Amino acid sequence: MATEKLERILKLLTELLNASTPKTADELRNKINMYPDNLVAFRKQFSRDKASLKEMGVPLEVVPVGPSGNSAEAYYVDNNKYYLPDLNLSEEELAQLNYAANSVHLLGAITEEEALRKLGGYSGSQHDYEATVSLANLETLNTLFEALSQRKQVTMIYSSKRRTVQPYLLQFKGEHWYLTGNEIEAGSTKSYRTDRIQELQTGENVDEYSLPRSFTGADFNYFSYGDDVPVTAKLLIDRTHIKWVEQNLDIPVSVNSDGNGIAEFLVRNHDSFINRVLLLLHHAEILEPDLLRDKFINRLQHLQKSHEDNNA
Amino acid sequence: MLKATERLERLISMVPWLIANNGATIEELGKRFQYPRETLINDLTKVLFFVGPHPHTPDNLIEVNVQEEEVWISQANYLSRPLNLTHTEAFSLLVKGKMLLGLIGEGTNNSSLETALDKLATALGAEKDQIIVDPGIRDSEIYEITNESIVTRRKMVITYYSFNEDYYSERKIQPLSIEINDRYLYLRAYCEKVNDYRTFRLDRITHAEIINEDIEQEFLHSFDNETSDKPIDLEFQFSEDSIATLIIQKSDSWIVSKYSTISVKERKDNMLEITLPVASNTWLGRLLLQLEPGTRVIENSPNIDIDAGMELAKQILDRYGLND
């Protein structure tokens, strides 16, 4: 039974790939010659076969044919969409893709076995790395990736505002996915957290925009961009907190001869920087510049005074 | 036993490779395409052999030759290329490849992976640089050691920074699993210091080493039974007994979306009155340092210090040589 079904669907696919024009269900039935004579049973079986092809990713299109008002449905597979472009992968490249597929696990995603078989074979190869990436909002990510690879504009609601965006890149950082693209309404490049995107829709037109020569993703060191006077900050960090700073604040730290840490970086948003340093409590000290050191001290003294006033 | 659609998916992936490779052994095909031997032979000789476009005359049927464990195929031009990747398949392969590159370092010993990702992205009309994957804490010694400890089922000794209490502790733990919740990776483990299960945020482990002691099976089993399907409980930091009510500026209303609150009221003086659970005095103090001047604590549980913020401010200013 399964062998007969396999042969029938394979013949259906063969006819669709060979057809130069859309074919009606009756035409396909006559060519394949494996469907039941009973019309109801045929329709049911044909419908299940179409569903199987679609589920596999076959781009089966339905088009109306015949005179207006009396049209029937015909079926068509666009060969350009069906066939995988020739990737010319070497065995080593395929092995590396298999290695990546086996080393990294995607939460909420499908297995890549089918994809790798299409590329030339899947192997449950040994791996030294083990990592998991969250793809919690898979549907949104797929839509954005499709738009990005076909240069289609998207519309979406973000922070209660409708926006039209030309997607440039998708970025995974800090366990979230971000979209960076050109927002038409704002006329500038912006980044959005993808799990906060609502009512996402893709435009119809392919190649609607070009990618700029260079583009970067979202900047997550909030103090490194802003409108304040740019200054280079020098921060002394207790040896006990060096590792924590490296792992939590994304800041490279060099170790002094006494074992304590020194971090130097450009600051363009003074308040954001001070908020980060406050997280370290008394385990760090702003050494330079005086501008930031004084601002930091003033902030704490202001808090103390305000507290005393409240208690007076 | 493969379903008909699973056999079809394998066949239309296998035929292009078989043609390009100019034949292969049954064993190679079975291994490469996860095709059970008997099913493969059946599908080659009893299905594929009878397939071809209408009118199904011998000159347009696929020709399958099976001789002494070797297979060749001809007259299958319309199946000579595989079905295109779906966007989901391509995206997940690119993400996995980029993550692996991030872990082993781009430009090192993985040029084949880089070129494979390039080819894959280009075939879809994208560029591989349009996907950026930052491994974050995964690209750290702590992650590597923790992972190895779980795989080899050995105990670890860790130094853990308790952010809420601002202190470091040494613990001997039995690591059980690494899990993701929202922005962070967490390690679930049995902690021998407190003789109970604990959840550790991976980026707060500042030192880790594996010791030569096996994880006890009883903890693995009870963990599997009790917690494997449950999400990470982030509320472990907060006790229901510790709450505080703050008067804050409206410009500080971000704390309402960042932390769980018990109540939020708008006041006539244009301020907000917020009651929220408090993890510790240090936690509350850190929060108060982040807020605008004029913030007040108007109510607190007996174990919570109304001056928590000021205590921390004093310690910090001491470091700067002030407060004398």
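In table form, for the structure just shown:
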read-out	value
1.4 Å probe, heavy atoms, protein only - residues of the stretch B:73-90 losing at least 20 Å² accessible area vs chain alone	B:Tyr78, B:Leu79, B:Arg81, B:Pro82, B:Leu83, B:Asn84, B:Leu85, B:Thr86, B:His87, B:Thr88, B:Glu89
Radius of gyration, Dmax [chain A; alpha carbons; angstrom]	29.3, 95
Diffusion coefficient, µm² s⁻¹, Stokes-Einstein with Kirkwood Rh over alpha-carbon pairs of the stretch B:1-135 at 10 °C and 1.306 mPa s	93
Computed E for B:Glu68/A:Gln198 - FRET, C-beta separation, R0 60 angstrom, nearest 0.05	0.45
Assigned charges on the beta-carbon of Lys, Arg, Asp, Glu; the protein assembly as shown dipole about Cα centre (debye)	1540
Stretchable slack from B:Thr261 to B:Asp196, in nm (0.36 nm times residue separation minus alpha-carbon distance)	20.6 nm
Calculated FRET value between A:Asp37 and B:Val151, using beta carbons and R₀ = 60 Å, to 0.05	0.50
Amide proton proximity set for B:Asn181, modelled H, under 5 Å, gap of 5+	B:Tyr186
Fully extended contour minus Cα-Cα distance, from B:Gln315 to B:Asn42, at 0.36 nm per residue	90.4 nm
Karplus-derived 3J(HN,Hα), 6.51/-1.76/1.60, for each residue of the stretch B:25-38, Hz, glycine and proline x	7, 4, 5, 4, 5, x, 6, 5, 10, 6, 10, x, 3, 5
Table column - 3J(HN,Hα) (Hz), the stretch B:82-90, Karplus curve with 6.51, -1.76, 1.60, x for Gly and Pro	x, 5, 4, 6, 6, 5, 5, 5, 5
Förster-model FRET efficiency, 60 Å R0, B:Tyr168 and A:Asp78, C-beta, rounded to 0.05	0.45
Euclidean distance of C-alpha centroids, the stretch A:163-202 and the stretch A:45-106, integer Å	28
From phi via Karplus (6.51, -1.76, 1.60), per-residue ³J(HN,Hα) for the stretch B:170-176 in Hz, x at Gly/Pro	9, 9, 9, 10, 10, x, 10
Rounded accessible area of A:Asp290 (nearest 10 Å², 1.4 Å probe)	100
Rg to Rh quotient for the stretch A:138-218, alpha carbon positions, Kirkwood Rh	0.92
Contour minus Cα-Cα distance for B:Thr122 and B:Gln290 (0.36 nm per residue)	55.8 nm
Percentage, to the nearest whole number, of Cα pairs in the stretch B:87-130 over 18 Å apart	19
Accessible surface, per residue, of chain A when the full set of protein chains is kept, probe 1.4 Å, Å²	49
Inter-label distance for A:Leu287 and A:Ala2, nm, one decimal - labels placed 7 Å from Cα along Cα-to-Cβ	7.0
Protein accessible area in chain A, 1.4 Å probe - carbon and sulfur %	44
Cα long-axis angle, helix A:39-56 against chain A (0 to 90 degrees, to the nearest 10)	30
Number of partner chain Cβ atoms within 10 Å, mean per residue of A:241-249	5
Residues of the stretch B:179-203 buried by at least 50 Å² on assembly (accessible area, 1.4 Å probe, chain alone as reference)	B:Ile180, B:Arg183, B:Asp203
Rounded percent of accessible protein surface that carbon and sulfur make up, the stretch B:138-224, 1.4 Å probe	40
Over 26 Å between alpha carbons, listed pairs A:Lys11/B:Lys3; A:Lys81/B:Lys119; A:Lys190/A:Lys295; A:Lys173/B:Lys314	A:Lys190/A:Lys295; A:Lys173/B:Lys314
The stretch A:110-190: GluC sites (Glu not before Pro) falling in loop per DSSP and having at most 12 other Cβ within 10 Å	A:Glu185
Threshold 20 Å² - residues in the stretch B:23-52 whose accessible area is reduced by that much or more when the chain is no longer isolated, probe 1.4 Å	B:Arg32, B:Phe33, B:Gln34, B:Val47, B:Phe50, B:Val51
Most mobile of B:Arg153, B:Arg171, B:Arg81 in a GNM of chain B (Cα contacts under 10 Å)	B:Arg81
In the stretch B:236-291, the trypsin sites (Lys or Arg not before Pro) that fall in loop regions by DSSP, at most 12 other Cβ within 10 Å	B:Arg267, B:Lys268
Per-residue SASA entry for A:Thr240, accessible area with 1.4 Å probe, Å² rounded to 10	70
Cα convex hull volume per residue for the stretch B:4-79 (Å³)	86
The protein assembly as shown: Cα Rg divided by the 2.2 N^0.38 Å rule of thumb	1.20
The stretch A:1-101: C-alpha gyration tensor shape, a/c 1.5 cut-off, then a/b vs b/c	prolate
Accessible area buried, both sides summed, chains A and B with 1.4 Å probe, Å²	10300
Rounded accessible area of A:Tyr222 (nearest 10 Å², 1.4 Å probe)	110
Between helix B:217-227 and chain B: long-axis angle, C-alpha atoms, 0 to 90°, nearest 10	80
Solvent-accessible area, 1.4 Å probe, carbon plus sulfur percent, for the stretch B:4-79	51
Residues whose placed amide H lies under 5 Å from that of A:Lys234, excluding near-sequence neighbours	A:Leu287, A:Glu288
Accessible area of chain B divided out per residue, in Å², using a probe of 1.4 angstrom	47
Loop sites in the stretch B:1-100: GluC sites (Glu not before Pro), DSSP, at most 15 other Cβ within 10 Å	B:Glu68, B:Glu69
Sequence-distant residues sharing a close amide H with A:Glu175 (under 5 Å, placed H)	none
Cα shape, the stretch A:153-297, gyration tensor, a/c 1.5 rule	prolate
Rotationally averaged projected area of chain B (alpha carbon convex hull; nm²)	28.3
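The values are calculated or read from the model by the stated rules, or taken from the named source; none is laboratory data. Everything quoted here is computed from the prediction, not taken from an experiment. Counting neighbours? That spans all protein chains shown, and the Cβs are built from the backbone with ideal geometry, glycine included. We work out accessible area using only protein heavy atoms, side chains counted, and drop any ligands, DNA or RNA first. Shrake-Rupley method; radii C 1.70, N 1.55, O 1.52, S 1.80 Å.
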